[in-house]
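Just so you know, all these numbers are worked out from the coordinates, no wet-lab data involved. Since we're looking at a predicted model, the values are computed, not measured. When we count neighbours, we look across all protein chains shown, and the Cβ atoms used for this are built from the backbone with ideal geometry, even at glycine.
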Amino acid sequence: MQHFDYLGYELLDDGRIAVITLNRPKQRNAQNRGMLVELGTAFELAEEDDTVRVVILRGAGPSFSAGHDLGSADDIRERSPGPDQHPTYLCNGGTFGGVEMRHRQEWHYFFQNTKRWRNLRKITIAEVHGMVLSAGLMLAWCCDLIVAADDTIFADVVGTRLGMCGVEYFGHPWEFGPRKAKELLLTGDALSADDAHALGMVSKVFPRDQLSDYTVQFACRIAKLPTLTALLIKESVNQTVDAMGFATALDACFSLHQLNHAHWADITGNPLGIGTVEHGLEDWRLSPEILPAAKQRP
């Protein structure tokens, strides 16, 4: 069995269901490079296994995922030159400088990988709870279905905290709707599980203490479907959305995301290419309160 440092991988229902668990609970499953590379390996394991029909992606601890890791000990170690540097920082543009390095690195490890997982040859279910923030949305959105605990909040705070125009896989207008996407990005406000269900983004909402059991039951129902039928249903919907412009819009918005990074790198000198509090942004290190997107609150 494959060894993972940042994930769990198990098979259920006589091997027809693969469960991938993000396992950095102290960091609320913030996505460091090692986790993302391992996640790609785990998805590939499930994809190549002809017994697996459904993949569940869940998170250990208090939250599904709080987004990109912007400075934990693991993140600093992986980025820093030396024997413990993650090898992906020395390829795919990692040895270049400036805009080119960031563009190529993010294309491989934040954007292209998410698109690849969206097109996995299995049905995928994101089982989410707690916080699903910013890049955490990417991991949920690349799945075919989303099942949420009743305590889940969905938000993209990179606009208000980092001065960025959303995350690399810009599914916001397709998942939230155009005006709601603008509102949520401009304010950093959050949707509840029930709000997300009303939008059609979430399929099921379960009590937190029953979430995993009910998600497996849901997956077992889907796993009964013939594999070709399930795949062609998935492909029919995905290709329809792509024909409506989804894939083209993703590519265009990734370029805008890189322009946004380049702006902040030029203005602030910050190698991460993000905005700072001096420019009117919230201090993300203080974890400002995320408010609900209430219709009667300014």
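When the helices of the chain are scored as -39500 (n - 2.57) per DSSP H run of n ≥ 4 and the total is divided over every residue, the value at 222 nm lands at -12500 deg cm²/dmol.
Nearest 5 percent is fine: what portion of the DSSP beta bridges confined to the range 7-286 is antiparallel? If I count the DSSP bridges inside the range 7-286, around 25 percent turn out antiparallel. Across the options N119, P226, T51, the greatest Cα extent toward the positive end of the charge dipole of the range 7-286 (unit charges at beta carbon of Lys, Arg, Asp, Glu) belongs to P226. With a Cα cut-off of under 17 Å and a minimum spacing of 8 residues unless on different chains, the lysine pairs in the chain number 6. For the range 3-73, the mean projected area of the C-alpha convex hull, equal to one quarter of the hull surface, is 4.7 nm². The angle between the Cα long axis of helix 211-223 and the longest principal axis of the Cα atoms of the chain comes to about 60 degrees, rounded to the nearest 10. Each listed q (0.13, 0.25 Å⁻¹) maps to a log10 I(q)/I(0) for the range 218-298, found by the Debye formula over equal Cα scatterers with no solvent: -0.81, -1.11. The mean of 1/r over all distinct Cα pairs in the range 95-207, once inverted, gives the Kirkwood hydrodynamic radius of 14.7 Å.
Neighbour counting of Cβ atoms within 10 Å sorts the residues S212, S65, fewest neighbours leading, into S212, S65. Rounded to the nearest 10 degrees, the inclination of helix 33-48 to the longest alpha-carbon principal axis of the chain is 20 degrees. Annotation: amide H-H contacts under 5 Å for T152 (H modelled 1.01 Å from N, sequence separation of 5 or more, or interchain): G130, A193.
Across the chain, Cα pairs under 8 Å and at least six residues apart give a relative contact order of 16 percent.
Helix 178-187 and the longest principal axis of the C-alpha atoms of the chain enclose an angle of approximately 50°.
Treat the chain as a sphere of radius equal to its Kirkwood radius over Cα pairs and apply Stokes-Einstein at 25 °C in a medium of 0.890 mPa s; give the translational diffusion coefficient in µm²/s, rounded to a whole number. D = 125 µm²/s.
A cut-off of 5 Å between modelled amide H atoms, ignoring neighbours fewer than 5 places along the same chain, links F4 with no other residue. With q set to 0.13 Å⁻¹, the log10 of I(q)/I(0) for the range 174-246, from the Debye formula over equal scatterers at the Cα positions, is -0.60.
Along its first, second and third principal axes, ordered by size, the range 1-151 spans 46, 34, 26 Å in Cα coordinates.
Computed from point charges on the beta carbon alone (+1 for Lys and Arg, -1 for Asp and Glu), the dipole magnitude for the range 104-209 about its Cα centre is near 560 Debye.
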